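K.L.:
Quick one: this structure, given as C-alpha cells, is what I'll be asking you about.
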Amino acid sequence: MPTTSPAWSGFCSASDVNKLDKFLNRCKRLNYSNQTTPCISEQFDKADESVFQTVTSVSHHALHHLLPAIKTKDTNLGLELTCKSSFHDNCNFITRMTLTDSVTPTDCREQSFIG
C-alpha cells in the first residue's frame, strides 16, 4: 500500500484515513500485521516524502517535468516560494508536496520554486 499511496492518498478524507487506521489496528490485534507498524497517515507521509525525494533528485523521472521550474537566487534574497494556483490542492501529489513544510530554507537555500 505505501508504494502506491502517493497517487491516491490525497483523495482520502479524514473518515477514509480513520477507517484504514481501524483496519490496520484490527490486523495488529489479530497478528496479521507487525505491532510496530506506524499509523496510516505516517505511512502516507513517509511514502510521499520518498517519492518526492526521488522525483526531485532524478531528472529523468516520469514526474520530474511536472515540478515547478527552479530559479537560482542570490542567497541574500532568501527563499521565495510562489504558486500560481489560487488554492492548495491536496489531491494533486506535486502540488501537495511542493507546498508542504518539506521545502525549508535550509534544504534549498539558494533556490526558489516558481510555479
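K.L.:
If I filter region 41-50 for residues that are loosely packed, with under 13 Cβ neighbours inside 10 Å and farther than 14 Å from Met97 by Cα, do I get at least one hit?
P.N.:
yes
K.L.:
Give region 12-35 a look and list any residue that's assigned to a loop (DSSP other than H, G, I, E, B) and either touching a helix residue (DSSP H, G or I) at 6+ places or on another chain (Cβ under 9 Å) or more than 29 Å from Arg96 (Cα to Cα) (or both), or say none.
P.N.:
Across region 12-35, the qualifying residues are Cys12, Leu30, Asn31, Tyr32, Ser33, Asn34, Gln35.
K.L.:
Another question, if that's okay. Looking at (1) farther than 30 Å from Ser13 by Cβ; (2) at pLDDT 60 or above; (3) surrounded by 15 or more Cβ atoms within 10 Å (Cβ to Cβ), which is the only condition Leu79 fails?
P.N.:
Evaluating Leu79 over (1) farther than 30 Å from Ser13 by Cβ; (2) at pLDDT 60 or above; (3) surrounded by 15 or more Cβ atoms within 10 Å (Cβ to Cβ) leaves (2) as the failure.
K.L.:
Checking Ser50 against (1) touching a Pro at 6+ places or on another chain (Cβ under 9 Å); (2) in a loop (DSSP other than H, G, I, E, B): exactly one of these is not met. Which one?
P.N.:
(2)
K.L.:
Taking Thr37, is it of a type outside the set (A, V, I, L, M, F, W, C), at pLDDT below 95 and surrounded by fewer than 13 Cβ atoms within 10 Å (Cβ to Cβ)?
P.N.:
Criteria not met by Thr37.
K.L.:
Give me the pairs: first residue in region 59-71 and within 13 Å of Ile94 (Cα to Cα), second residue of a type outside the set (Val, Ile, Thr) and surrounded by 13 or more Cβ atoms within 10 Å (Cβ to Cβ), beta-carbon distance under 6 Å, and six or more apart or on different chains, which are they?
P.N.:
Every condition considered, the pairs that remain are Pro68/Phe113; Pro68/Gly115.
K.L.:
Taking only pairs six or more apart or across chains, which ones have beta-carbon atoms under 6 Å, a first residue in region 1-29 that is more than 13 Å from Ser41 (Cβ to Cβ) and free of Cβ contacts under 8 Å to residues at least 60 places away in the same chain, and a second residue that is of a type outside the set (A, V, I, L, M) and surrounded by 11 or more Cβ atoms within 10 Å (Cβ to Cβ)?
P.N.:
If the second residue must be of a type outside the set (A, V, I, L, M) and surrounded by 11 or more Cβ atoms within 10 Å (Cβ to Cβ), the pairs left are Cys27/Ser33.
K.L.:
Still on this structure, please answer the following. Of the residues Thr72, Thr54, which single one is surrounded by fewer than 13 Cβ atoms within 10 Å (Cβ to Cβ), among the hydroxyl-bearing types (Ser, Thr, Tyr) and at pLDDT 70 or above?
P.N.:
Exactly one residue qualifies, and that residue is Thr54.
The values are calculated or read from the model by the stated rules, or taken from the named source; none is laboratory data. All figures in this text were calculated on a predicted structure; none of them were measured in a lab. Here the Cβ is made from the backbone with ideal geometry for all residues, glycine too, and neighbour counts use every protein chain on show.
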